[in-house]
Structure formats: C-alpha cells, structure tokens
1. Which entries of Lys137/Lys158; Lys43/Lys84; Lys67/Lys158 show an alpha-carbon separation above 22 angstrom in the structure shown?
2. Percent of accessible area on the range 45-158 owned by carbon and sulfur, 1.4 Å probe?
3. Tell me, what is the 1.4 Å probe accessible area of Asp47, in Å² to the nearest 10?
Amino acid sequence: MNNQILNDHRPRHGRLTRLTPLLAAALCLCAVALSGADPDKKKAVWDPAKLPPASDKKGVTYEKDIKPILEKSCVKCHSGDKPKSKYKIDSLDSAIKGGESGDAAIIPGNSAKSPMVAYISELVEDMEMPPTEKRDKYPALTKEQIGLVRAWIDQGAK
C-alpha cells in the first residue's frame, strides 16, 4: 500500500515522460541547424575610424557615379552565372543584397557598417577587394573612389 501511495504522483505515461528530454534536445538541435548557425563562420570585423572619409559630393547615384567604378575593378568577378562568393554587383539591387554570407553588403544610410566599404578599404584581412593578387588586372579603388562609394551609401544608396 505504501508503494502505491508513493507512486501516485508519477504520470501514468512513463514512456512519454522518458522521451520528453530527448524530444526537447532534438528540437533544440533542429532550431540551431535551421538558423544557419555555423560555428566556423567568421563575421567580418573592422574599425570604422580607419575608413577613408566620405566625399562631400551631393546627389551621388549608382548609375552615374558608382557603377563605372565597380565596372572597372569589381564586375568581372562579381557578375554572370557564377559570381565570386555568389555576390553580384552588376545591378543596384544585387549590390545591396550581398552574397553567400546572407548579410547585406551595403547598408543604405550607413557606409561605416557596410561590409562592402570595409572590403574595398582593405580593412578586413583576406577580404581585400579586389584581391591583392589580382591587382594587376583589377585596380584597387583610390581613397577618393572609396569616399564617393561612402557618400553614395550614406545618401541612401540610390
């Protein structure tokens, strides 16, 4: 009788209660997998204070001012059917969107936080754009060009 009284507080579905922690663990693992968490994936980090200053030019547009710069140094690798890092910059929308990282490359209104600016400014090791080993074919952007890109982004990237 004493055993029956002591066991009355336990649920009658013994198998279900033993599976509950296992199900909870499986759900957590699924959530991590679906969130795209990659422990080896390194986020780019840079010091915005080291960026070249934005240009004072007003009314900077993609078509008129930025596209010619990108066509000279970037588009050959970042266009077509198989763009490097799945990042296409042959149109305004794709340039803003970003590539395989899933993060936006350009944050309209905030050039200091736009990864593209850090890469063209050579502030992220191993992500210098254009790559240093290809500079003979694709010239690095000048400080003035980077300043123009920054002004364009700060003015809304239009």
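The values are calculated or read from the model by the stated rules, or taken from the named source; none is laboratory data. Predicted model only: the values in this text are computed from it and were never measured. SASA here: full protein model, heavy atoms, side chains in, ligands and nucleic acids out. Shrake-Rupley method; radii C 1.70, N 1.55, O 1.52, S 1.80 Å.
1. Lys137/Lys158
2. Using a 1.4 Å probe with all protein chains present, the range 45-158 comes out at 51 percent carbon and sulfur.
3. 70 Å²
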